[in-house]
1. Using the heavy atoms of the protein chains and a 1.4 angstrom probe, tell me the accessible area per residue for the range 1-95 in square angstrom.
2. Roughly how many percent of the accessible protein surface of the range 101-204 is carbon and sulfur, given a 1.4 Å probe and a whole-percent answer?
3. I need the helices of the chain that pass two filters: whole DSSP H segments spanning 24 Å or more by Cα along the axis, and mean Kyte-Doolittle score no lower than -1.0.
4. Can you spot the lysines whose alpha carbon is less than 24 Å from Lys7's alpha carbon? Ignore those fewer than 8 places along the same chain.
5. Rounded, prolate or oblate: which fits the range 25-86, taking a ≥ b ≥ c as square roots of the Cα gyration tensor eigenvalues, rounded meaning a/c under 1.5, else prolate when a/b beats b/c?
6. What is the sum of charges, Lys and Arg at +1 and Asp and Glu at -1, for the other residues whose Cβ falls under 12 Å from the Cβ of Ser141?
7. For Asp64 paired with Glu28, estimate the spin-label separation in nm (one decimal), with each label point 7 Å from Cα along the Cα-to-Cβ line.
8. Take the alpha carbon gyration tensor of the range 119-250, find the square roots of its eigenvalues, order them as a ≥ b ≥ c, and report rounded if a/c is under 1.5; if not, report prolate when a/b exceeds b/c, else oblate.
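The values are calculated or read from the model by the stated rules, or taken from the named source; none is laboratory data. These numbers were taken from a predicted model, which means no experiment stands behind them. For neighbour counting, all protein chains shown are included, and Cβ atoms are generated from backbone atoms with ideal geometry for every residue, glycine included. These accessible areas exclude ligands, DNA and RNA; they are computed on the full protein's heavy atoms, side chains included. Shrake-Rupley method; radii C 1.70, N 1.55, O 1.52, S 1.80 Å.
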Amino acid sequence: MGKLSDKVAVITGGNSGIGLSTAKRFAEEGACVYIIARRHADVDAAVATIGPRGRGVAGDVTNDADLDRLYSKIETEQGQIDIVFANAGTFADNAPLGEITEDQFDHIFGINVRAVLFTVQKALPLMRDGGSIIINASAASVMGVALLSLYSASKAAVRSFARTWTAELAPRMIRSNVISPAWIDTPLLSAAGMSNEQIVQFREMALPLIPLRRFAGAEDVANAVLFLASDDSAFISGHELFIDGGTVSI
């Protein structure tokens with residue numbers, strides 16, 4: 001028996017990086033895992049990687065109709081949801097204060113905040129009492145990193161969601177928690193427009209700042225998400241779990 005046997009999980013942005021690694025871990029522990037990502041080819045490739053417990057929908061988490069289509073599929077095929085991992089997010093379009101545009105604000109907050117809210121809200125009618133909501137935030141929300149006003153604020157906003165939802169969903173025993181990673185090796189840096197040379201320079205700059213002196217793999221984060229999704233964390237709600245090699249703590 002796996003830790004998630006007979007559970008139904010939803011993972012947004014489940015086609016790569018943290019999302020895909022978590023989907024694989026959930027499937028290994030017995031869950032039926034539904035992912036959503038924008039491109040059909042990426043979804044199909046991810047589902048093949050996840051294996052027979054994987055399911056996929058091509059869609060945009062900022063599009064309400066696409067979320068409705070995802071949950072309609074789950075309702076027809078499973079009838080319930082046990083776990084929602086609101087993982088999809090963006091690191092792109094940051095700018096220094098004084099140069100931030102309305103389009104940049106709308107882009108980052110649309111994906112990192114609005115989509116998280118409606119991903120969870122639209123799942124609630126299908127969520128079984130005692131379920132688990134996990135949000136992917138960031139250690140940047142508490143670190144005051146220059147040039148990351150929009151990104152950091154968007155991640156602070158979803159941290160606040162988890163606190164409020166812990167109180168609101170307590171009658172249904174649905175837990176809400178946040179993971180806040182930092183220094184993770186994922187495709188996010190490339191997606192943010194950094195060249196290979198810039199990524200190498202970034203890593204060289206960042207490594208001395210990490211107490212454990214290494215970058216984390218997506219699997220390190222996936223293991224933490226599995227903990228928060230499973231009964232191993234049955235009395236943990238409203239919590240922020242930093243996965244940062246000790247950076248924030250010291």
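1. 41 Å²
2. The computed percentage sits at 57.
3. 149-168
4. Cα-Cα hits under 24 Å: Lys24, Lys73, Lys122.
5. Values: a/c = 1.85, a/b = 1.17, b/c = 1.59.
Because a/c hits 1.5 or more and a/b fails to exceed b/c, the range 25-86 counts as oblate.
6. 0
7. A separation of 3.9 nm, rounded to one decimal place.
8. In terms of gyration-tensor shape, prolate.
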